[in-house]
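The values are calculated or read from the model by the stated rules, or taken from the named source; none is laboratory data. Not measured: the values here are computed from a predicted model. Here the Cβ positions follow ideal geometry from the backbone for every residue, glycine too, while neighbour counts run over all protein chains shown. These accessible areas exclude ligands, DNA and RNA; they are computed on the full protein's heavy atoms, side chains included. Shrake-Rupley method; radii C 1.70, N 1.55, O 1.52, S 1.80 Å.
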Amino acid sequence: MKYLVILLLLTSTLAAQPNPTKGYPPRIADITRILEKDSLNGPLRWERLTMQVALLDGDWVYQPFSQYLNAETDPEKLRIKAYEKEFERIYRNCIQTGDLNFVNERDFYDNRGLYFAKTRQFTAAIKDYKQLLVRSIAETKSDSQQYTFMALDMLFSIYVINDDFIHALQTIDLKLDEERNRLGSRYYSYANSSYAKVKLYGKFNKREDAIAYLKQLSKENFEYYFKNGHDKSINIQGVKQLGYSYVVLLLKYLKEYNSPELKKYNAIYRKLSKRNHFNAKLTDRNLRTIVAKI
């Protein structure tokens, strides 16, 4: 069950982290005082702007499936013209000219995209996160994965919030492809973005798609185990546990939808389980027989 818990909490990871913005207000005040005498200090202007954007109300941006609704939804009432002027100044003086001494392109598009998202200027936010994606997805540098996943996560959230199922589905499929390519065996042994895709199907009442996808996920994980079980560099137990977690989640959705397949998958679950946990003592032969019925 540990892996199911990890899977279910995947989209709320940020909420569990320490708040890094606690020291931002006094730092912003310090920078503002310095800029009164040194208004052309680009690095400080950029540092202040990134902190100001981080402090904007907008946790809902990271939680597209939550019931939280921002009190104000009119972009014109949320916009902060001074921030937009500062972004435009940095874009004109640094990004367009290629003078990237204190800001790089990817950080610029990430921060401006976040500002646009938090102020519900979604068309502009999508444009910036697509720019970030283009500048990251083909890169092989160590930080390219972080920026690629960040861009895809934000695009996915915006599309979900906008009730744009088609683009949200395309984006989460691309994210899953990137995870599969970049994470290797970890994709099969630890929670990935598959749960977000299941939630997407659920939000748009795509019941049959959600059920079919969970069956596919479970079969893929167990097949990966059968193919690579001899590889000691892989967390094999994790691979089996995650496959089992997909079955548990499938059972949850079958119950919720009152599916006629519930009885069948209850039987599969019981054969895979021991005291409501995955039965790690199942032989590969028995496991194959059980999984073949999925």
State all residues of the stretch 142-167 that are open to solvent by 10 Å² or more (accessible area, probe 1.4 Å) and in contact with a Lys or Arg (Cβ under 6 Å, 6 or more places away or on another chain); if no residue qualifies, say none.
GLN145, TYR147
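For LYS85, state whether it is charged (D, E, K, R) and at pLDDT below 95.
When the stated conditions are applied, LYS85 does not pass them.
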Scanning the stretch 117-134 for residues that are open to solvent by less than 60 Å² (accessible area, probe 1.4 Å) and among the aliphatic types (A, V, I, L, M) gives ALA117, ALA124, ALA125, ILE126, LEU132, LEU133
Scan the stretch 24-46 residue by residue and report those that are open to solvent by less than 60 Å² (accessible area, probe 1.4 Å) and of a type in the set (D, E, K, R).
ARG45
If I ask for residues that are within 12 Å of ARG207 (Cβ to Cβ) and free of Cβ contacts under 8 Å to residues at least 40 places away in the same chain, which ones from the stretch 256-267 would you list?
GLU256, ASN258
From the list PHE108, PHE149, PHE87, PHE102, which one is more than 25 Å from PRO25 (Cα to Cα) and in contact with a helix residue (DSSP H, G or I) (Cβ under 9 Å, 6 or more places away or on another chain)?
PHE149
Sole exception among (1) more than 22 Å from LYS22 (Cα to Cα); (2) in contact with a Gly (Cβ under 6 Å, 6 or more places away or on another chain); (3) crowded, with 16+ Cβ neighbours inside 10 Å for PHE102, by number:
(3)
Residue in the stretch 209-236 that is surrounded by the most Cβ atoms within 10 Å (Cβ to Cβ), counting only those that are without any contact (Cβ under 8 Å) to a residue 60 or more places away in the chain and closer than 15 Å to SER259 by Cβ
LEU214
With (1) of a type outside the set (Val, Ile, Thr); (2) in contact with a helix residue (DSSP H, G or I) (Cβ under 8 Å, 6 or more places away or on another chain); (3) open to solvent by 10 Å² or more (accessible area, probe 1.4 Å); (4) without any contact (Cβ under 8 Å) to a residue 60 or more places away in the chain as the list, and GLN170 as the residue in question, which single condition is left unmet?
(2)
When you look at ARG89, is it more than 17 Å from the chain's Cα centre (by Cα), of a type outside the set (Val, Ile, Thr) and closer than 17 Å to VAL53 by Cα, yes or no?
yes
Please name all residue pairs, on different chains or six or more residues apart, with Cβ atoms under 7 Å, provided the first residue is in the stretch 268-289 and is part of a loop (DSSP other than H, G, I, E, B) and the second residue is open to solvent by less than 30 Å² (accessible area, probe 1.4 Å) and among the polar types (S, T, N, Q).
ASN279/SER273
Scan the stretch 7-37 for residues that are at pLDDT below 95 and among the hydrophobic types (A, V, I, L, M, F, W, C) and report the count.
7
Those residues of the stretch 175-208 which are in contact with a Leu (Cβ under 6 Å, 6 or more places away or on another chain) and surrounded by fewer than 16 Cβ atoms within 10 Å (Cβ to Cβ), in sequence order:
none
